[in-house]
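The values are calculated or read from the model by the stated rules, or taken from the named source; none is laboratory data. Model, not experiment: these values are computed from the prediction. Note that each Cβ is placed from the backbone with ideal geometry, even for glycine, and that neighbours are counted across all protein chains shown.
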Amino acid sequence: MARQTRVSNANMMTLPEKLNRFSWGLFVPMCMVLTISIVVLYSAGGGNWKPFALSQLMKILLGFGVFFFAAFINIKTWVKSAYIIYAIALIMIVLVTFVGHTGMGAQRWLNLGIIHIQPSELIKIALVLALARYFAWFNSVELGQFKNYIAPILMLLVPFGLIVAQPDLGTALSLGMITVGVFYIVGANKKWFIIAAILGCMAAPAIWYGGLHDYQRGRIITLFNPDSDLQGAGYQINQAKIAFGSGGMTGKGYMAGTQSQQSFLPEKQTDFIFTMLGEEFGFIGAFSLLMIYTWIVVALFWMAKTCRNRFGQLVCFGFMLNFFVYYFINISMVLGLLPTVGVPLPLMSFGGSSLLSLMFGFGLCQNAHIHKDQQLSAKGS
């Protein structure tokens, strides 16, 4: 009876009760990574707060506002608004196609006057939210029927195509990996994954010759032969390897990196910030960051497993996949294990769109944990 009372009163939880359920196991490592980010960005600015560290600190403070807002409102709000948030993110991506701001060779940013945002970052979280809303109330029989996957496949393909056209292949592939992961978690037929893999292999030649830009093919070729174009497509990766390798076990010292401080390393404050960390703090510093990332993934996994409503479970699992794909692609890229793509290092790289989207995602997971005993209906009631 007491158990039922706690569940039925979940709608009326007070702020102290919500704080009592707050997951410090997620919040603490998140804050640790954000602190490391400011330390490294201060170094990237040559020992000055401008132009990176101070600006990023302001974005982090705004991000905490987004995080706490997402975490403490009733979870029913997110159930009801999941499709609306997805639709807004999708509309913003469509707008980028027509009136987007071009930067670094891609049309990815939307100019809102006071801020430039990258809708492709928001769509990652919006897609997880929409998929969680869609699958949460299917039974095992319905999850075994292919017709029930047509809508979520379309949820993926529309933004996927628009993002590829920007072009932003890294983000598009991330969306695909997240969706496949969610399909696997909800129990999709394993045969469908095999069929999809076969179709992908069959389509590979057409994608190579007709779907990729010359520079994208160049990056893939450089992955297998890094020395083929050291002054062109292979320059960033070559400099990253030199910087990371020169850091050794303990690093060259704070603000003492030669590749990063002397501007041999492009995008040291964004996509290649992990290399800068490795050069200045060595293997120990880089490995420590990986351990904190692992801590976050484990915390998200535990939150998903302990959540008693399916919507919250899928939000946590989906965002866990999103976060893992983020740092897996970025770190593999800077180490020369994957082609160079525009995927930032989560919570570390300089920039607002990725950071705010991630803080929103962390807030949603915290919300799911706080309301883990709450029973939900498909209408959010």
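Kindly indicate the residue of region 65-86 that is surrounded by 15 or more Cβ atoms within 10 Å (Cβ to Cβ) and either within 20 Å of Ile36 (Cα to Cα) or of a type in the set (Lys, Arg) (or both) and also farthest from the chain's Cα centre (by Cα) among those meeting that condition. If we take residues in region 65-86 being surrounded by 15 or more Cβ atoms within 10 Å (Cβ to Cβ) and either within 20 Å of Ile36 (Cα to Cα) or of a type in the set (Lys, Arg) (or both), then Lys76 is farthest from the chain's Cα centre (by Cα). For Gly234, the stated conditions hold: it is surrounded by 17 or more Cβ atoms within 10 Å (Cβ to Cβ), within 27 Å of the chain's Cα centre (by Cα) and over 30 Å from Phe22 (Cβ atoms). Scanning region 191-229 for residues that are touching a Ser or Thr at 6+ places or on another chain (Cβ under 8 Å) and without any contact (Cβ under 8 Å) to a residue 60 or more places away in the chain, we see that the one that is surrounded by the fewest Cβ atoms within 10 Å (Cβ to Cβ) is Ser228. Of all residues in region 33-62, those that are closer than 21 Å to Ala256 by Cβ have Cβ atoms under 6 Å from Cβ atoms of residues that are surrounded by fewer than 20 Cβ atoms within 10 Å (Cβ to Cβ) and among the β-branched types (Val, Ile, Thr), 6 or more apart or on another chain, in Ala53/Ile38. Among all residues of region 254-268, there is at least one that is of a type in the set (Lys, Arg), within 28 Å of Gly352 (Cα to Cα) and assigned to a loop (DSSP other than H, G, I, E, B). Residues of region 165-190 that are at pLDDT below 90, part of a helix (DSSP H, G or I) and surrounded by fewer than 16 Cβ atoms within 10 Å (Cβ to Cβ): Lys190 alone. When Pro344, Pro339 are screened for being of a type outside the set (S, T, N, Q), in contact with an Asp or Glu (Cβ under 9 Å, 6 or more places away or on another chain) and touching a residue at least 60 places away in the same chain (Cβ under 8 Å), only Pro344 passes. Residue check: Asn330 meets all listed conditions (1) more than 27 Å from Met58 (Cα to Cα); (2) free of Cβ contacts under 8 Å to residues at least 60 places away in the same chain but one, namely (1).
Restricting attention to region 239-274, which residues are in contact (Cβ under 8 Å) with a residue 60 or more places away in the chain, aliphatic (A, V, I, L, M) and crowded, with 23+ Cβ neighbours inside 10 Å? If you could, list the steps in order and put the result at the bottom.
Of the residues in region 239-274, the ones in contact (Cβ under 8 Å) with a residue 60 or more places away in the chain are 240-241, 244, 254-255, 257, 260-261, 268-274.
Now drop any that are not aliphatic (A, V, I, L, M), which leaves 240, 255, 273.
Scanning region 239-274 gives Ala240, Ile273.
Candidates are the residues of region 275-295 that are among the β-branched types (Val, Ile, Thr) and surrounded by fewer than 24 Cβ atoms within 10 Å (Cβ to Cβ); the one that is nearest to Lys372 (Cα to Cα) is Thr294.
Specify the residue that is nearest to the chain's Cα centre (by Cα); the eligible residues are those in region 121-146 that are part of a helix (DSSP H, G or I) and among the small types (Gly, Ala, Ser). Working first, answer last.
Restricting attention to region 121-146, the residues satisfying the condition of being part of a helix (DSSP H, G or I) are 121-135, 140-143, 146.
Next, from what is left, pick out any that are among the small types (Gly, Ala, Ser): 126, 130, 132, 140.
Working: Ala126: 11, Ala130: 16, Ala132: 16, Ser140: 29 Å.
The residue in question is Ala126.
I'd like the full set of residues that are of a type in the set (Ser, Thr, Tyr) and either in a loop (DSSP other than H, G, I, E, B) or at pLDDT below 85 (or both), limited to region 239-253. Full working, then the answer.
Taking region 239-253 first, the residues of a type in the set (Ser, Thr, Tyr) are 246, 250.
Result: Thr250, single match.
If you take just the helices (runs of 4 or more DSSP H) that sit entirely in region 270-381, which of them hold at least 2 residues that are β-branched (Val, Ile, Thr) and over 14 Å from the mean Cα position of the chain (by Cα)? Steps first, answer last, please.
Values: elements: 273-306, 310-334, 353-370.
In region 270-381, the matching helices (runs of 4 or more DSSP H) lie at 273-306.
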